[in-house]
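The values are calculated or read from the model by the stated rules, or taken from the named source; none is laboratory data. From a predicted model like this one, the values you see are computed outputs, not experimental measurements. Backbone-built Cβ (ideal geometry, glycine too); neighbour counts: all protein chains shown. Please note that ligands, DNA and RNA were not included when accessible areas were found on the heavy atoms of the full protein model with its side chains. Shrake-Rupley method; radii C 1.70, N 1.55, O 1.52, S 1.80 Å.
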Amino acid sequence: MKEYESHKNKRKRYWGILPFVGVSFLWLFMEHVIKVPPIFLPPLEDMPIILWHMFTQENILSDLGVSIYRVLLGFFIAVLISTPLGILMGYSKKMSRLFDPIIGFIRYMPVPVFIPLTILWFGSGNSQKMIIIFLGAFFQLVLMVEDAAKSVRKDFYEAATMLGAPKHDLVLRVLWPAALPQIFDSYRICIGWAWTYLVVAEIVGATTGIGYYVIKAQRYLLVPQIFAAMVLIGLLGMFTDIFLTWIHKRLFPWDEKQEKE
Amino acid sequence: MKIQKQAVRIRKLVKIFPSHTEPVIAVQEFNIDISKGEVAIILGPSGCGKSTVIRMIAGLEKPTSGILLVNDKSVEKPLLECSMVFQSYTSFPWLSVIENIAFGLRYTGKNSSLRERKEKAKHYAKLVGLEEFEDNYINTLSGGMKQRVAIASALATDPEILLMDEPFGALDSQTRMVMQEHLLKIVEETDKTVILVTHDIEEALLLGDRIYICTARPARILEEIDVPFPHPRTAKTRNLKGFFDLKHVIFNLLRDHVTAKELEQAYLNRRSR
């Protein structure tokens with residue numbers, strides 16, 4: 001039974017490539033049949049050459065590196081603070097009543113709104129970018145971690161209590177391991193949003209980074225470069241996601257949700 | 001005689017759950033004495049409030065009024081001398097079988113090392129017949145095996161009193177019979193006090209020394225029955241003639257009561273409309 005299913009899954013694993021092929025054909029169709037001018041839609045065939053040029057001549061790697069550094073650090077700080085706070089709010093009703101309103105309030109302020117203010121306060125360097133990412137990720141993460149903590153089965157706490165576990169161990173030895181897979185999933189989802197905010201921040205005001213590269217290309221009407229940069233960002237996101245999903249499976253082999261997939 | 005002292009003493013126990021419409025009286029005027037070493041069964045129809053009684057003994061619910069003593073102490077919070085097996089599978093999925101069984105050993109007060117705890121857990125894994133699955137995660141086990149892990153975890157802390165709240169309620173009837181025999185073997189070997197809540201009459205007769213039959217909500221004692229079958233009991237105890245007779249007596253008792261209750265409820269519902 002299991003062997004049969006895994007065989008079936010193996011065949012379907014690469015289905016995800018099909019939409020990419022579809023989009024490529026659509027691109028070629030627009031380019032050759034509808035004849036969209038290259039200023040709007042650069043030729044797909046030129047993409048490899050342009051990417052090669054970007055890596056060898058324009059040093060796109062350093063821009064990408066700067067962006068990755070900003071995302072990782074900003075996101076890491078957000079994770080570091082939001083995780084314990086979210087767990088506390090998920091465990092204690094008092095804490096959730098205390099913090100829920102303010103977080104709900106700030107969460108609905110669009111992050112780009114903070115860009116002008118943070119530039120005014122911190123300039124347009126790395127620290128301003130990280131603050132934007134932090135603001136974008138933190139308030140979402142707290143609520144997602146809180147939700148994960150709240151969804152831990154109540155009878156696990158009762159069982160642990162009956163086995164003699166004191167209150168702090170209900171958090172450390174029950175809530176934390178039980179909620180961790182879902183918390184980890186929140187990180188995976190949230191880091192995608194962090195990327196969005198970063199690119200927005202870099203487009204508005206920066207002197208390095210992939211977002212800055214895009215706005216620079218726009219100024220010189222280098223449309224192929226804009227497309228190539230977008231492809232790069234997409235690829236980076238996709239591989240981050242695949243990587244984190246893979247880690248998830250390694251870390252939580254016991255998690256029920258992924259067995260069903 | 002191994003019976004010397006009262007393990008649990010309950011007098012005029014009442015539990016009322018507040019609700020938006022009208023408060024629900026789950027337990028009313030509940031009186032029982034359970035001796036040390038006894039296997040006491042609280043038997044009653046589903047949803048009769050018998051689980052509430054055992055949860056109060058465990059310290060997971062607070063009584064509304066009445067006296068509830070475990071080892072002559074009033075129960076304020078879950079006591080170390082009680083362990084509990086729940087109906088839902090409460091073994092932790094992030095731990096292996098052996099780690100689950102060892103979970104409570106950390107809190108027994110004896111400062112034992114991880115190795116000693118695992119060693120002890122192994123003993124209990126063997127007791128419930130799971131020695132081959134020690135490193136399995138819980139989700140890889142069947143329902144019956146999950147409950148065996150829960151029983152082993154509960155026993156590992158060496159409690160004086162083992163509380164079981166419909167431990168086999170979620171299992172299919174064949175597995176349930178096998179599990180009852182497993183539990184019977186364990187219960188026959190120890191001198192622990194066992195309090196088992198169930199709606200299964202055969203389970204009650206096979207395992208129990210004394211059966212407390214409960215009325216439907218609110219739970220009250222309808223009848224106390226001493227189970228006369230000799231120890232050690234085995235699966236064959238089911239074939240005794242007295243087993244069938246007693247089963248019928250209890251069944252009729254419960255049926256009359258449940259039917260009367262149902263009629264009353266239906267009548268009330270009609271009137272309130």
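Evaluate the following for residue A:173: is it in a helix (DSSP H, G or I) and surrounded by fewer than 18 Cβ atoms within 10 Å (Cβ to Cβ)? Against the criterion (in a helix (DSSP H, G or I) and surrounded by fewer than 18 Cβ atoms within 10 Å (Cβ to Cβ)), residue A:173 does not qualify. Contact map, the range B:67-84: residues that are at the interface with chain A (Cβ under 10 Å from one of its Cβ atoms) and under 16 Å from residue B:158 (Cβ atoms) paired with residues that are assigned to a strand (DSSP E or B) and open to solvent by 30 Å² or more (accessible area, probe 1.4 Å), Cβ distance under 8 Å, separation 6+ or inter-chain. Pairs shown: B:79/B:73. Restricting the first member to the range B:14-41 and to residues that are hydroxyl-bearing (Ser, Thr, Tyr), and the second to residues that are surrounded by 15 or more Cβ atoms within 10 Å (Cβ to Cβ), the beta-carbon pairs closer than 8 Å and six or more apart or on different chains are B:35/B:6; B:35/B:7; B:35/B:193. Which residues, taken from the range A:158-177, are within 12 Å of chain B (Cβ to nearest Cβ), over 24 Å from the mean Cα position of the chain (by Cα) and under 19 Å from residue A:80 (Cβ atoms)? Of everything in the range A:158-177, those that are within 12 Å of chain B (Cβ to nearest Cβ), over 24 Å from the mean Cα position of the chain (by Cα) and under 19 Å from residue A:80 (Cβ atoms) turn out to be A:172, A:175. Being more than 13 Å from the chain's Cα centre (by Cα) and of a type in the set (S, T, N, Q) is a property that residue B:198 lacks.
The residue that is nearest to the chain's Cα centre (by Cα), counting only those in the range B:117-156 that are hydroxyl-bearing (Ser, Thr, Tyr) and either more than 14 Å from every other protein chain (Cβ to nearest Cβ) or surrounded by fewer than 22 Cβ atoms within 10 Å (Cβ to Cβ) (or both), is B:142. Screening residue A:198 with (1) out of contact with any Lys or Arg (no Cβ under 9 Å at 6 or more places or on another chain); (2) open to solvent by less than 10 Å² (accessible area, probe 1.4 Å); (3) of a type in the set (A, V, I, L, M, F, W, C); (4) away from chain B (no Cβ under 14 Å) gives one miss only, at (1). Do we find that residue A:88 is within 18 Å of the chain's Cα centre (by Cα) and either of a type outside the set (Ser, Thr, Tyr) or open to solvent by less than 40 Å² (accessible area, probe 1.4 Å) (or both) in this structure? The answer is no for residue A:88. Determine if the range B:165-172 includes at least one residue that is open to solvent by less than 40 Å² (accessible area, probe 1.4 Å), closer than 27 Å to residue B:50 by Cβ and within 12 Å of chain A (Cβ to nearest Cβ). Yes: the range B:165-172 contains one or more residues that are open to solvent by less than 40 Å² (accessible area, probe 1.4 Å), closer than 27 Å to residue B:50 by Cβ and within 12 Å of chain A (Cβ to nearest Cβ). Among the residues here, residue B:196 qualifies as open to solvent by less than 70 Å² (accessible area, probe 1.4 Å) and within 22 Å of residue B:58 (Cα to Cα). Considering the range B:183-232 alone, what residues qualify as being of a type in the set (Gly, Ala, Ser) and part of a helix (DSSP H, G or I)? Across the range B:183-232, the qualifying residue is only B:204. Taking the listed residues A:255, A:241, A:169, the one that is in contact with a His (Cβ under 9 Å, 6 or more places away or on another chain) and charged (D, E, K, R) is A:255, with no other qualifying.
Restricting the range B:228-273 to residues that are in contact (Cβ under 8 Å) with a residue 60 or more places away in the chain and in contact with a helix residue (DSSP H, G or I) (Cβ under 9 Å, 6 or more places away or on another chain) leaves a set whose member that is nearest to residue B:180 (Cα to Cα) is B:250.
Within the range A:211-228, at least one residue is at positive phi and either buried (at least 16 other Cβ atoms within 10 Å of the Cβ) or part of a loop (DSSP other than H, G, I, E, B) (or both). Of the numbered criteria (1) open to solvent by 70 Å² or more (accessible area, probe 1.4 Å); (2) more than 20 Å from the chain's Cα centre (by Cα), the one residue A:189 fails is (2). Candidates are the residues of the range B:71-96 that are touching a Leu at 6+ places or on another chain (Cβ under 6 Å) and of a type in the set (A, V, I, L, M); the one that is surrounded by the fewest Cβ atoms within 10 Å (Cβ to Cβ) is B:75. Of all residues in the range B:33-68, count the ones that are open to solvent by 30 Å² or more (accessible area, probe 1.4 Å), part of a loop (DSSP other than H, G, I, E, B) and within 18 Å of residue B:9 (Cβ to Cβ). Selection size over the range B:33-68: 5. Of the numbered criteria (1) assigned to a helix (DSSP H, G or I); (2) open to solvent by 10 Å² or more (accessible area, probe 1.4 Å); (3) touching a helix residue (DSSP H, G or I) at 6+ places or on another chain (Cβ under 9 Å), the one residue B:180 fails is (2). Residue under question is residue A:111, and the condition is that it be within 12 Å of chain B (Cβ to nearest Cβ) and either over 22 Å from residue A:207 (Cβ atoms) or not small (Gly, Ala, Ser) (or both); does it hold? No: the conditions fail for residue A:111.
For every residue, the table says whether it meets (1) assigned to a helix (DSSP H, G or I); (2) open to solvent by less than 10 Å² (accessible area, probe 1.4 Å); (3) more than 14 Å from chain B (Cβ to nearest Cβ).
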{"site": "A:139", "(1), (2), (3)": "yes, no, yes"}
{"site": "A:142", "(1), (2), (3)": "yes, yes, yes"}
{"site": "A:145", "(1), (2), (3)": "yes, yes, yes"}
{"site": "A:156", "(1), (2), (3)": "yes, no, no"}
{"site": "A:185", "(1), (2), (3)": "yes, no, yes"}
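Considering A:106, A:115, the condition of being more than 27 Å from residue A:184 (Cβ to Cβ), aliphatic (A, V, I, L, M) and part of a helix (DSSP H, G or I) is satisfied by A:115 alone.
Candidates in the range B:97-116 are the residues that are within 12 Å of chain A (Cβ to nearest Cβ) and surrounded by fewer than 21 Cβ atoms within 10 Å (Cβ to Cβ); of these, the one that is farthest from residue A:156 (Cα to Cα) is B:110.
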